Structure formats: structure tokens, C-alpha cells
1. If Asp248 passes every condition in (1) in contact with a Leu (Cβ under 9 Å, 6 or more places away or on another chain); (2) assigned to a helix (DSSP H, G or I) but one, which one does it miss?
2. Return yes or no: is Leu122 buried (at least 18 other Cβ atoms within 10 Å of the Cβ) and away from the ligand (no atom under 16 Å from the Cβ)?
3. Keeping to the stretch 98-114, report how many residues are closer than 30 Å to Glu147 by Cα, more than 16 Å from the ligand (Cβ to nearest atom) and not in a loop (DSSP other than H, G, I, E, B).
4. For the stretch 261-270, does any single residue satisfy the condition of being modelled with pLDDT of 90 or more, more than 23 Å from the chain's Cα centre (by Cα), not in a strand (DSSP E or B) and not hydroxyl-bearing (Ser, Thr, Tyr)?
5. Please enumerate the residues belonging to the stretch 134-182 that are aromatic (Phe, Trp, Tyr) and within 16 Å of the ligand (Cβ to nearest atom).
6. So, in the stretch 222-256, how many residues would count as being free of Cβ contacts under 8 Å to residues at least 40 places away in the same chain and among the small types (Gly, Ala, Ser)?
7. State whether the residues of the stretch 20-27 include one that is more than 13 Å from the ligand (Cβ to nearest atom), at pLDDT below 95 and in a strand (DSSP E or B).
8. Please work out if Ser72 is out of contact with any strand residue (DSSP E or B) (no Cβ under 7 Å at 6 or more places or on another chain), surrounded by fewer than 19 Cβ atoms within 10 Å (Cβ to Cβ) and hydroxyl-bearing (Ser, Thr, Tyr).
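The values are calculated or read from the model by the stated rules, or taken from the named source; none is laboratory data. Just so it is clear, the model here is predicted, and its values are computed rather than measured. Reconstructed Cβ throughout: ideal geometry from the backbone, glycine too, with neighbour counts over all protein chains shown.
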Amino acid sequence: MTFNEKAMSVREIASKTIMSKSNLPIGDYSVNPYVGCIHACKYCYASFMNRFSRHNEPWGSYLDVKNWPKISPRKYDDNELVIGTVTDPYNPFEEKFKRTQRLLTELRGTTAKITIITKSDLVLRDLDIIKTFSNIRIAFSINTLDEHFKNDMDSAVSIERRLNAMKVFHDNSIRTICFISPIFPKITNVQEIMNAVLNQCNAIWLENLNLRGEYKARILEYIEKRYPQLVPLYDEIYRKNQNRYWVDLSVELEEFCKHKNLLYVVDNDKLIRPFSDSPIVVNFFYHSQIKQSAKKRNI
Ligand code: SF4
């Protein structure tokens, strides 16, 4: 997929606030300086935003650039802010509109814990501002090392560029996360990605592919076309709702972490360890269901 700027519908809108109370396991507030996301990932769960933003255009073809009243940074002290939950704050239009840069500038002085989630190396532009925060981390979403598969799935920058950006932040003593999401069964090679980032991140988050939205048909059609040998497995997981694959993968990854001496935890993003420690691996798979299945199988 390639990014075609001229085909995009881009407009500025007024927004009362960009800080939304959130029930995410990793934050108190979701912070999104844009509506829409032109990375247009085929599996994007945020595409449900179309309903709320009253856009008829396909997800990935529009971007609303928010204008908001100035933020009081101290108001968010001791909270957790996650920037980029339903958009990429460093989408290519950020270069022109600089809304995320403005957001960070306004937040200067807060003691909030800030997580920025991105698929772009444009975040490097703001390295100097980011360095001024006492509690900030940058999460790079990477679910493959295969640039062909990446190109089939999104129009963000290459995996190589994301890995390079992650390294620059880590070399500058900024905490980084490799967000392995979404894990595509038998396509995402989790161990290979983990091996590639072990020395340049502080945490590795694991999230499975979840097909609940209107994109389910699109992804299953893609699998049928490009990976026909995986159709029975995807049917088992996404049509028959079987969790066996995720249970087995969890066990396998836990073993891998033991072997690599990596701390492996489930659903817990609260542990803080020294910067120089090896990354902590956090499994965010569907736990309640996995735990039940694992119990039944005595795992
Ligand atoms: S980068 Fe994130 S928000 Fe943007 S399209 Fe991809 S998954 Fe959706």
C-alpha cells in the first residue's frame, strides 16, 4: 500500500478537548490529535470511528486535524496518558500540521506517565521535546519483519525505519516498547521480532489479532488469497472461536522468555525496572478465555 496525499480528504476541525477518559489497561486518558488515520491498516479496529465522526469515506482516506483549547499540564499529573489510540499521532500530515508537537509542548511540566504509540519514525523530529519529560515511552507497532506483508497491511513507514527509530530513542535513554500487534497466526513470527529488538527496547507487548469489526471479511479474504494453506487455522480461530492457537502460543512464548531470561507477565504494564534491564514481556492476549482453556487442559 502506498500513501497518496492528493487522494486524501483533510480538514481542520474544532474539538472541545483531545483528552478522553479511557478504560484501556495501559492508561487513564486516550489522547488523539487527529480523527482518522491514513496508515489505513487493513486490520484497524479504530475504523469504527467512521460511525462517530460521520465520515462516509473509507477508513484511511480522511483525516480531521483537531484544534483544541490549550491544555493545563498539571491537571494530568500522576495520570497515564496514551497518545495515539485511534490514530497515528505521527501520520505524514503531522509534518505539516504539527498537532502532536503542539500537544507535547503544551504538556511540558506534567508528571503524567506518557506513552506514544506510532508506526512512524517522524517521532524522531520531537526527540528534544520528548527528552524533557520525566516519564515517557515510545511504543513502535511492529507485527512482522517481512516488508512485503507489511506493505500488504499498511501504508506506514518500513519496518526497518521503525526499528531504527526505536534504537535512536533507546540510545538516547528514552524508554521504548516493541508493540507486537496484531499477531497474525502463523504469519507473525513473534520470536524473530523479539530477537531483533532485545537490545533496543524496555518492554515487549504482545497482542493477538482480533477480528470483530467489519474488517473481518477483508482479512479472511486476504488470507484465502495469499495464505490459502492457513485457511483451516483462521477458520478455527475466527469462525469457530477456538482459542487453542493462542493458548499454545502463550505457552511457547513463556518458554522462550524463560530460555532468554526475560521476565514474562500477563496483562501487567505496571512494573518499572531499571533502564538497563532486559525487556519485560507483557502478554495482552484474551486472558480470561485463555486462562479457562488452559485450566481445562491443565496447562
Ligand atoms: S496506525 Fe493504528 S490507528 Fe492508524 S490505521 Fe493503523 S492500526 Fe489504525
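1. (1)
2. no
3. The number of residues fulfilling the criteria is 2.
4. yes
5. Result: Phe140, Phe149, Phe179.
6. Matching residues across the stretch 222-256 total 0.
7. Yes, the stretch 20-27 has at least one match.
8. In short, yes.
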